[in-house]
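Here it is: the structure, laid out below.
Rule-based calculations on the coordinates, nothing more; no lab input. On a predicted model such as this, the values are computed, not experimentally measured, just so you know. Methodologically, a virtual Cβ is constructed for each residue, glycine included, from the backbone with ideal geometry; neighbour enumeration extends over all protein chains shown.
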Amino acid sequence: MEIIEQLNWRYATKAMNGTRIPKEKIDRILEAARLAPTSNGLQPFEIIAISNPDLKEKIRPAAFNQQQITGCSHLLVFAAWDKYTPERIDGFIEHTAAERGGDRERLESYRQSLMDKFGSMDAADSYAHAARQAYLSLGVTVVAAAVEGVDNTPMEGFDPDQLDAILGLRERGLRTAVIIALGYRDAEKDWLVNLKKVRKHKAQFITELN
């Protein structure tokens, strides 16, 4: 029941009070994000966890001056690969072999299947696919934060080109997919805090085929 109670408790927080999230909590949230599922386990994105106040101030105009950017404790930027490349796939294969104690050569057929699947994608399709994987991790992050009693606001309201430039992402072959502010609500300044959560009723939302 705890997870349902916490998901009922959470909402898209509109004002945060700047309180710092305890290290053990942010570490667990980030670990949950790292453990999220992705296609073929490739994890074609990185998470930039920003707690530096000056950097958050610099980012705020690129996010249409939303208060959560500077009011949050940590701003997580999910930066997706701009393209699937042989080098990135080789890196994944080598890491898999090292982690599982196997021989890289035994994974050659798997490597080739990944190349066949992703190697022919153009840049637009590559980024779109990688960004969808980042959103899987975002969903896990939302739930993990709620379980930890940490308010959170997933955000698409930002200029990706500006944010990429501020963080130097394009030079690293990355592009911002989505961001999430993590922190604690400012109940006195948040107009949404006391409003009832509205979701579709189960009968409208779920079709069960037994």
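Expressed as a rounded percentage, what relative contact order does region 48-106 have, with Cα pairs under 8 Å and six or more residues apart?
Once divided by the residue count of region 48-106, the mean separation gives 30 percent.
To the nearest 500 deg cm²/dmol, what mean residue ellipticity at 222 nm is calculated for the chain from DSSP H runs of n ≥ 4 alone, each contributing -39,500 (n - 2.57), summed and divided by the residues?
Mean residue ellipticity, 222 nm, calculated: -13500 deg cm²/dmol.
Highest mean first, how do 22-31, 199-208, 186-195, 6-15 rank when packing is the count of other Cβ atoms within 10 Å averaged over residues?
6-15, 22-31, 186-195, 199-208
Shifting gears a bit: Quick one: among 184, 127, 110, which has the greatest mean-square fluctuation in a GNM of the chain with alpha-carbon springs under 10 angstrom?
110
While we're here: What whole number of Å gives the distance from the Cα centroid of region 139-194 to the Cα centroid of region 74-115?
27
For the chain, modelled as a Gaussian network with Cα springs under 10 Å, which listed residue fluctuates most, 52, 17, 40?
40
Sticking with this one: Nearest 10 degrees, 0 to 90: what angle lies between the long axis of helix 108-118 and the longest principal axis of the chain (Cα atoms)?
Relative to the chain, helix 108-118 is tipped by roughly 60 degrees.
May I pose another question? Using θ = phi - 60° and the Karplus relation 6.51 cos²θ - 1.76 cosθ + 1.60, list the HN-Hα couplings for region 51-60 in order, rounded to whole Hz, with x at every Gly or Pro.
The phi angles translate into 10, 5, x, 5, 5, 5, 4, 5, 6, 3 Hz.
May I pose another question? For a Förster distance of 41 Å, can you work out the FRET efficiency between the beta-carbons of residue 12 and residue 172, rounded to the nearest 0.05?
The formula returns an efficiency of 0.90 here.
Classify region 1-81: rounded, prolate or oblate, from the alpha-carbon gyration tensor (a ≥ b ≥ c, eigenvalue square roots; a/c under 1.5 rounded; otherwise prolate if a/b is larger than b/c)?
Since a/c reaches 1.5 but b/c is at least a/b, the shape of region 1-81 is classed as oblate.
Now a separate question. Could you work out the relative contact order of the chain, using alpha carbon pairs under 8 angstrom and six or more residues apart, expressed as a whole percent?
Once divided by the residue count of the chain, the mean separation gives 36 percent.
Rounded, prolate or oblate: which fits region 52-139, taking a ≥ b ≥ c as square roots of the Cα gyration tensor eigenvalues, rounded meaning a/c under 1.5, else prolate when a/b beats b/c?
Verdict is prolate for region 52-139.
State the extension gain, in nm to one decimal, for the chain segment bounded by residue 87 and residue 113, taking 0.36 nm per residue of separation less the distance between their alpha-carbons.
Result: 7.9 nm gained on full extension.
Putting +1 on Lys and Arg Cβ atoms and -1 on Asp and Glu Cβ atoms, find which of 146, 98, 63 reaches farthest to the positive end of the dipole of the chain.
The Cα lying farthest towards the positive end belongs to 146.
By its C-alpha gyration tensor, with a ≥ b ≥ c as the square roots of the eigenvalues, how is region 132-210 shaped: rounded for a/c under 1.5, else prolate for a/b larger than b/c, else oblate?
Oblate is the answer for region 132-210, as a/c is 1.5 or above yet b/c matches or exceeds a/b.
Pairs to check: 14/56; 14/58; 117/202; 56/189; 23/189; 14/200. Give those whose C-alpha atoms are more than 28 Å from each other in this structure.
In this structure, 117/202 lie more than 28 Å apart at Cα.
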